1. With the structure loaded, tell me whether residue 41 is buried (at least 22 other Cβ atoms within 10 Å of the Cβ) and under 16 Å from the mean Cα position of the chain (by Cα) or whether it fails that test.
2. Check off (1) more than 25 Å from residue 13 (Cβ to Cβ); (2) in contact with a strand residue (DSSP E or B) (Cβ under 8 Å, 6 or more places away or on another chain) for residue 42 and give me the number that stays unchecked.
3. Has segment 63-74 got at least one residue that is hydroxyl-bearing (Ser, Thr, Tyr) and part of a strand (DSSP E or B)?
4. Of the residues 18, 85, 13, 67, which single one is out of contact with any helix residue (DSSP H, G or I) (no Cβ under 6 Å at 6 or more places or on another chain) and over 19 Å from residue 113 (Cα atoms)?
5. What helices (runs of 4 or more DSSP H), lying completely within segment 1-54, carry at least 2 residues that are in contact with a Lys or Arg (Cβ under 6 Å, 6 or more places away or on another chain)?
Amino acid sequence: MSKTEDILADARQRAPGQPYAGAVTPAEAYALVQDDPHVKLIDVRTNAERDWIGRPAIPAERHGAVQWSLYPGGAPNPDFAEQLQASAGKDDVVLFLCRSGVRSRHAARVATELGYQNAFDILEGFEGDRDAEGHRKTVGGWCKAGLPWVGA
């Protein structure tokens with residue numbers, strides 16, 4: 001098996017019974033994006049979050065931004081499906097990223113309902129959970145894993 005196949009097999013085992021294909025760690029997501037041209041990372045955070053907090057530093061052709069909810073106010077993005085379809089093909093492996101791993105699970109579920117058979121959640125998200133002092137980027141997530149990112 002290829003590295004991609006190995007990672008995806010582990011990811012499928014990690015999320016049994018979920019309404020999407022599986023769940024990858026941030027490090028696995030980064031490896032997949034680096035190694036396979038059919039992998040797309042879809043960041044479902046708001047535009048404001050990406051602008052003010054940061055985003056993964058990955059090749060532009062492998063990165064998409066499709067808000068799950070809109071800023072300000074948090075209303076659901078009524079164009080989510082259309083924007084996802086413009087960002088990733090249904091045959092792609094699609095990895096969903098949010099702040100801490102909640103919105104990404106919802107996005108992976110909806111993508112699966114839309115016919116994406118390889119929709120995966122990125123565990124821990126970009127910033128991870130809050131630490132004891134209420135700060136992020138110290139407990140888990142893309143940043144804590146030491147993966148490349150740009151921004152604040």
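The values are calculated or read from the model by the stated rules, or taken from the named source; none is laboratory data. All of these numbers come straight from a predicted model, not from anything done at the bench. Quick reminder, even Gly has a Cβ in these numbers, built from the backbone with ideal geometry, and neighbours come from all protein chains shown. The area values use the complete protein model at the heavy-atom level, side chains included, leaving out ligands, DNA and RNA. Shrake-Rupley method; radii C 1.70, N 1.55, O 1.52, S 1.80 Å.
1. Working: buried (at least 22 other Cβ atoms within 10 Å of the Cβ): yes; under 16 Å from the mean Cα position of the chain (by Cα): yes.
For residue 41, the condition - buried (at least 22 other Cβ atoms within 10 Å of the Cβ) and under 16 Å from the mean Cα position of the chain (by Cα) - is met.
2. Unmet for residue 42, out of (1) more than 25 Å from residue 13 (Cβ to Cβ); (2) in contact with a strand residue (DSSP E or B) (Cβ under 8 Å, 6 or more places away or on another chain): (1).
3. Pass one, segment 63-74, residues hydroxyl-bearing (Ser, Thr, Tyr): 69, 71.
Now narrow it down to the ones that are part of a strand (DSSP E or B): 69.
Yes, some residue in segment 63-74 is hydroxyl-bearing (Ser, Thr, Tyr) and part of a strand (DSSP E or B).
4. Working: 18 fails: over 19 Å from residue 113 (Cα atoms); 85 fails: over 19 Å from residue 113 (Cα atoms); 67 fails: over 19 Å from residue 113 (Cα atoms).
From the options 18, 85, 13, 67, the qualifying one is 13.
5. Output list reads 26-35.
For (1) at pLDDT 95 or above; (2) closer than 28 Å to residue 138 by Cβ; (3) open to solvent by less than 40 Å² (accessible area, probe 1.4 Å); (4) touching a Pro at 6+ places or on another chain (Cβ under 8 Å), each residue gets a yes or a no:
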{"site": "15", "(1), (2), (3), (4)": "no, yes, yes, no"}
{"site": "20", "(1), (2), (3), (4)": "yes, yes, yes, no"}
{"site": "23", "(1), (2), (3), (4)": "yes, yes, yes, no"}
{"site": "66", "(1), (2), (3), (4)": "yes, yes, yes, no"}
{"site": "79", "(1), (2), (3), (4)": "yes, no, no, no"}
{"site": "97", "(1), (2), (3), (4)": "yes, yes, yes, yes"}
{"site": "103", "(1), (2), (3), (4)": "yes, yes, no, no"}
